[in-house]
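First up is the structure itself, then whatever we jot down about it.
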Amino acid sequence: MGVTGGIAAYKSLDVLRILQRHGHGVSVVMTHTAERFVGSASFAALSGREVGTHLFGDAGQPGYHHLDVNDGMDLMLVAPASANTISQMAMGASSSLLTSCYLAFRGPVVVAPAMNTGMWLHPATARNIAALRADGVHMVDPETGLLADGAVGPGRLAEPSAIVAAVEAVLGGTSPANDLAGVRVLISAGGTREPIDAVRYVGNRSSGRMGWALAAAARDRGAEVVVVQANVDLPRQVGIRYTDAPTAAAMRDACRSEFPACDVLIMCAAVADFRPVSATDGKIDKAASDTLTVAMERTSDILAELAALRDEQVLIGFAAEHGPPGLDRARAKRTRKAVDIVVHNDAAVDGAAFEGPDNVVTIIGPGDSETSLPRMPKRACAERIFDAALPLVHARAVSA
Ligand SMILES: Cc1cc2nc3c(=O)[nH]c(=O)nc-3n(C[C@H](O)[C@H](O)[C@H](O)COP(=O)(O)O)c2cc1C
C-alpha cells in the first residue's frame, strides 16, 4: 500500500486495518510528503512490517529496495493518491520509492485519489487519470462532499471500506472488466427546459444522476463516452466529454450530430414532449391578466428519429412512467421506436423517484428478455444495463 502526501493520509490507517481484518498482509510505502502528515511508526506498528520510505538504504548496503518491496505482492494500492504522485505514475517517472515500486510492479494496481476539487477537476489531472486508466489501473473515484479545505465538491477520498471492496474485487477477478474497450457510447442526461419567456421555462425534475452513473460505468469499462447534457447541476467527471443542450431542440441537434460516430446510444435525458409554440420576448407581465394560457406544441421524438438513421448502433431508451400501466407503455415504446432495450422506471414506486441516488428499473430487451431489478444505487443499475446490452454491443458495434 502506497501512501502519499495529503490530509487523507490518516484514513489509510483505517484502510490498512480493514485489509488486515480481512486477512491480507500489507506492506506500506510512504512518500516523504506523506510522512509529514502521518508518522511511519503508525503504519509500522499496525502492519507489523518495516515501512518503506527511501529509495536507497544506508550507505554501502546492497540491494534494490523497490524490487525487494514488490517481492511476493499480489496487488499494489495507492491510497490516498496525490495529484503529484498520480502525475508521476502517468508519466512513468520514478523519483520516489513509491513510484519506482509502481513502475517495477507487474501485478494489478488500484489507485484511490484524494485532493482539493480544483486539483481534481484540472485538465492535467483528468489527463493523468485517463492515462492511468488506459494503462489498466483500477480507479476508486473520489467522493463528492465536504473537503478539508472547507469546500464542497468532488475530491474526498472514497470510504476506506469502498477502497477495500475495490481491492478485493480486483484480487477476486470480479472487478468490472474492460469489456467496453473501443466502444463509443453517447448518453443524453438531465432534463430540458423550454422557455415561456426570457426568465421562465417548462421543465421537469430529472437531475441527471442516472445519466452520470451510466457515463461513469461506461468509462470505467473502457468506453469512450460523450454526454449530451441538459441542465445537470452535478460535477463533471474526468475522462468524459460533455456537450450542453438545454432545450429539446438543442438536444435533438446535439444528438443528431454525435450519433453517427457512436456505437451505443442511451437516451436517458427527460426531454420535453411539449414546448411553448413561441417564447415571449422579455418577461410576461403578471399584472396584465389573472390567467396565462401558453400554447404548446409537440417536440421531435429524438430516439425515433435516430432509430430511423441507425447504422448498426445499439439503441437504449428510458421510459419514466407513473403507475402500473407504464410497463405496458414502455414495452410498446420499444416496439414502436424499434430500439433494442427500454429501461422502464416507475416514478410512483418508492425509491425510483427522480433526483434520488437509487432507482428501481425493469430492463426490457434485448429480444424477449425482461428483467425487473430491486431498488439499487443508480451506478449499480447502470452496470446491469451494460451487462444486458453487452452481447448486442459485441455482436454488432464492435464487429461493424
Ligand atoms: C496541508 C496540505 C494538504 C494537502 N493535501 C493534498 C491532497 O489532499 N491531495 C493532493 O494531491 N495534494 C495535497 N497537498 C499537496 C501535496 O502534499 C504536494 O503536492 C506534494 O508534493 C505531494 O507529494 P507526494 O505525491 O510525493 O506525496 C497538500 C499539501 C498541504 C500542505
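Length available on full extension from Ala380 to Leu146: 0.36 nm per residue minus the Cα-Cα distance, which gives 81.8 nm.
Only beta bridges with both residues in the stretch 268-375 are counted; by DSSP, about 60 percent of them are antiparallel. The distance linking the stretch 68-111 with the stretch 245-282 is 44 Å (Cα centroid to Cα centroid, whole angstrom). Between Lys333, Lys378, Lys286, the residue with the greatest mean-square fluctuation in the GNM of the chain (Cα pairs under 10 Å linked by springs) is Lys286. Overall shape: rounded for the stretch 1-108, with the ratio a/c of the largest to smallest alpha carbon gyration tensor axis below 1.5.
In this label model, Ser42 and Arg310 are separated by 5.4 nm, measuring between points 7 Å along each Cα→Cβ vector. Looking at the chain, the DSSP beta bridges with both ends there are about 35 percent antiparallel.
Toward the positive end of the charge dipole of the stretch 184-398, with +1 on the Cβ of Lys and Arg and -1 on the Cβ of Asp and Glu, the farthest Cα among Thr247, Phe354, Pro377 is that of Pro377. In loop segments of the stretch 168-225 as defined by DSSP, the trypsin sites (Lys or Arg not before Pro) with at most 13 further C-beta atoms inside 10 Å of their C-beta are Arg205.
For the stretch 357-367, the Karplus equation 6.51 cos²θ - 1.76 cosθ + 1.60, evaluated at θ = phi - 60°, returns couplings of x, 10, 8, 10, 10, 10, 9, 9, x, x, x Hz by residue, with Gly and Pro reported as x. Within the stretch 184-398, antiparallel bridges make up roughly 35 percent of the DSSP beta bridges whose residues both belong there. The residue among Phe274, Ala131, Leu75 whose Cα reaches farthest toward the positive pole of the charge dipole of the chain, with charges on the beta-carbon of Lys, Arg, Asp and Glu, is Phe274. When the chain is treated as a GNM with alpha-carbon contacts under 10 Å, the residue of Ser96, Ser369, Ser47 showing the greatest mean-square fluctuation is Ser369. Listed by chain and number, the aspartates and glutamates whose alpha-carbon sits under 19 Å from that of Lys283, ignoring those within fewer than 8 places in the same chain, are Glu194, Asp197. Highest mobility in the GNM of the chain, judged by mean-square fluctuation with C-alpha springs under 10 Å and restricted to Ala261, Ala126, Ala287, is found for Ala287.
Readers should treat all values here as calculations from the given coordinates under stated rules, not as data from a laboratory. Please read all numbers here as calculations on a predicted model, not as lab measurements. Neighbour counts are summed over all protein chains in view; Cβ atoms, including those assigned to glycine, are modelled from backbone coordinates with ideal geometry.
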